[in-house]
Amino acid sequence: MPTSRRDFMIGCSAAIAAMAGSRILNLGWASSLLADGSAPDGQLLVVFLRGGMDGLNFVAPADDPNYIAARPVTMRLADAGPNAGLPLGNAPAGLDFRLHLQAAPLKEIYDSGQLAFVHACGLTDGTRSHFEAMDLIERGAAKQNLANGWLTRFLAQQQIASSAVLPAASGNGSIANSLLGCAAAMPVPDASAFRFSGSPEQLVALRKLYMGDHPLQRAGAQALRAFDAFQSKLAKAPNGDPIPYTPQNHADYGDSDIGRSLCSVARLMKMDIGLRVATVDFGGWDTHQGQAGIFNALVAQLAKALGAFYNDVSFYQHRLNVVVMSEFGRRLKSNQSDGTDHGHGNVMMVLGAGVAGGRIHGPWPGLATEQLDNRADLAITTDFRTVLADVLTTRFAVKDLEAIFPGFGQYKTSGVLTPVS
């Protein structure tokens, strides 16, 4: 079977990373500088919490009697005691919505008006399959199986891929499905280890190998150009060794995969090497059993890393948007294994420029049995594409949403973003 251009990009990028002695992290980034030196207005980072994050253990109405009756206190947000959540202002339905205690760094951003939650969000298809739900969301679909990812269609509409040195990146050693079909996208290694450790002769040989106009050669040459752009921006000591990265504003990412990934993203962002959009994965959220300890640790890592990242890139906040999402939520009622099973509605986060922050957006459906989806799950009142469309139309001036989200239909904003002057 012939090798596709996308497969070659993955293999080529992975090979260069391997020769550099680096490992691929779960990251990618969109920077501000295009090949012609122009700076687009917006930058986008999408964080995907894989495994089905329990939004009702992250942001929820602590005083709702249906919520209290459905879960032990270790798997819900209380209004008092050791499991008390952090109170959130501007909550819907007159209820006492709270944020998980381990998410204090995000509470600070929320209170500053730069972070908003959109609750009861999700994929309206209702599947409880991780792989199917993730695939549909990353392709920007509801029920139909599209041939490429929504970020790929966005990049094509913006005509960015042909002008940027490295317009898109994804982690985990392969291209995320949201960038499926984007020939210019490539995995990005750890910024602290992205250097060529082979001989000059080997590098010369690579450059000769990728000379020519064949799609495979053009793809390889583009990967090498990205490598060159990174090296040209890398701060080095007089002896040529890379200078260790120091986050700004005393940002502390912590010792976690998401922390290391986002620290690398911040470093790449500041280099202005031509990236435009990005994806970051953070897994482990499939908490069917023993949820309390696992969930607390994951929330602490996520909040610490995101808070550090946002402080570290403070100079870029006026053009930055970060969207955090998961494939679906969890059941309202806990199971017999001290966990929660696959559910439906969930919470999304949007932070950065133009966010109508310090608020919980979206109609709240309620948690009474008759208000639940299939009498078991948080109902979805906001299609996940609505939140993504808000970002694209407000921050990137996208006009043709149908080309990016086919079959989406009539678009009505969630109000999570306001125009940026």
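The values are calculated or read from the model by the stated rules, or taken from the named source; none is laboratory data. Bear in mind the structure is a predicted one, so any value in this text is a computation, not a measurement. A quick note on method: Cβ atoms are made from the backbone with ideal geometry, for glycine too, and the neighbour counts reach across all protein chains shown.
Here are a few things to note about the model shown:
- Region 280-338, residues that are closer than 25 Å to residue 134 by Cα, in a loop (DSSP other than H, G, I, E, B) and aliphatic (A, V, I, L, M): 332
- Tally, over region 207-221, of residues that are in a loop (DSSP other than H, G, I, E, B) and surrounded by fewer than 18 Cβ atoms within 10 Å (Cβ to Cβ): 4
- Set side by side, the residues 224, 302, 262 differ, and just one is buried (at least 17 other Cβ atoms within 10 Å of the Cβ), in contact (Cβ under 8 Å) with a residue 24 or more places away in the chain and either farther than 24 Å from residue 117 by Cα or in contact with a Cys (Cβ under 9 Å, 6 or more places away or on another chain) (or both), which is 224.
- Residues (farther than 23 Å from residue 137 by Cβ and either in a loop (DSSP other than H, G, I, E, B) or small (Gly, Ala, Ser) (or both)) located in region 357-385: 357, 358, 359, 366, 367, 368, 375
- Considering region 75-115, and only residues there that are at pLDDT below 95 and of a type in the set (S, T, N, Q), the residue that is farthest from residue 298 (Cα to Cα) turns out to be 90.
- Candidates are the residues of region 284-295 that are surrounded by 17 or more Cβ atoms within 10 Å (Cβ to Cβ) and not hydrophobic (A, V, I, L, M, F, W, C); the one that is nearest to the chain's Cα centre (by Cα) is 286.
- Matching residues, region 201-238, being within 16 Å of residue 268 (Cα to Cα) and of a type in the set (Gly, Ala, Ser): 223, 226, 229, 232, 235
- Residue in region 331-340 that is at pLDDT below 95 and either of a type in the set (A, V, I, L, M, F, W, C) or surrounded by fewer than 20 Cβ atoms within 10 Å (Cβ to Cβ) (or both) present: no
- Selection over region 22-61 of residues that are farther than 30 Å from residue 94 by Cβ, modelled with pLDDT of 95 or more and assigned to a loop (DSSP other than H, G, I, E, B) gives a count of 1.
- Of the residues in region 394-410, not one is touching a helix residue (DSSP H, G or I) at 6+ places or on another chain (Cβ under 7 Å), over 30 Å from residue 315 (Cβ atoms), without any contact (Cβ under 8 Å) to a residue 60 or more places away in the chain and outside any helix (DSSP H, G or I).
- Residue 66 being in contact with a helix residue (DSSP H, G or I) (Cβ under 9 Å, 6 or more places away or on another chain) and either touching a residue at least 40 places away in the same chain (Cβ under 8 Å) or at positive phi (or both): yes
- Some residue of region 100-112 being more than 19 Å from residue 348 (Cα to Cα) and crowded, with 17+ Cβ neighbours inside 10 Å: no
- Consider region 122-135 and keep the residues that are part of a helix (DSSP H, G or I), touching an Asp or Glu at 6+ places or on another chain (Cβ under 8 Å) and of a type in the set (A, V, I, L, M, F, W, C). The one that is surrounded by the fewest Cβ atoms within 10 Å (Cβ to Cβ) is 133.
- Filtering region 332-378 to residues that are under 15 Å from residue 95 (Cβ atoms), of a type outside the set (Val, Ile, Thr) and either in contact (Cβ under 8 Å) with a residue 12 or more places away in the chain or touching a helix residue (DSSP H, G or I) at 6+ places or on another chain (Cβ under 8 Å) (or both) leaves 332, 359, 361, 362, 363, 364, 365, 366, 367, 368, 378.
- Matching residues, region 62-121, being over 29 Å from the mean Cα position of the chain (by Cα) and in a strand (DSSP E or B): none
- For region 351-383, residues that are hydrophobic (A, V, I, L, M, F, W, C) and under 20 Å from the mean Cα position of the chain (by Cα) total 5.
- Of all residues in region 411-421, those satisfying the criterion of being in contact (Cβ under 8 Å) with a residue 60 or more places away in the chain and either within 23 Å of residue 119 (Cβ to Cβ) or not aliphatic (A, V, I, L, M) (or both) are 414, 416, 417, 418, 419.
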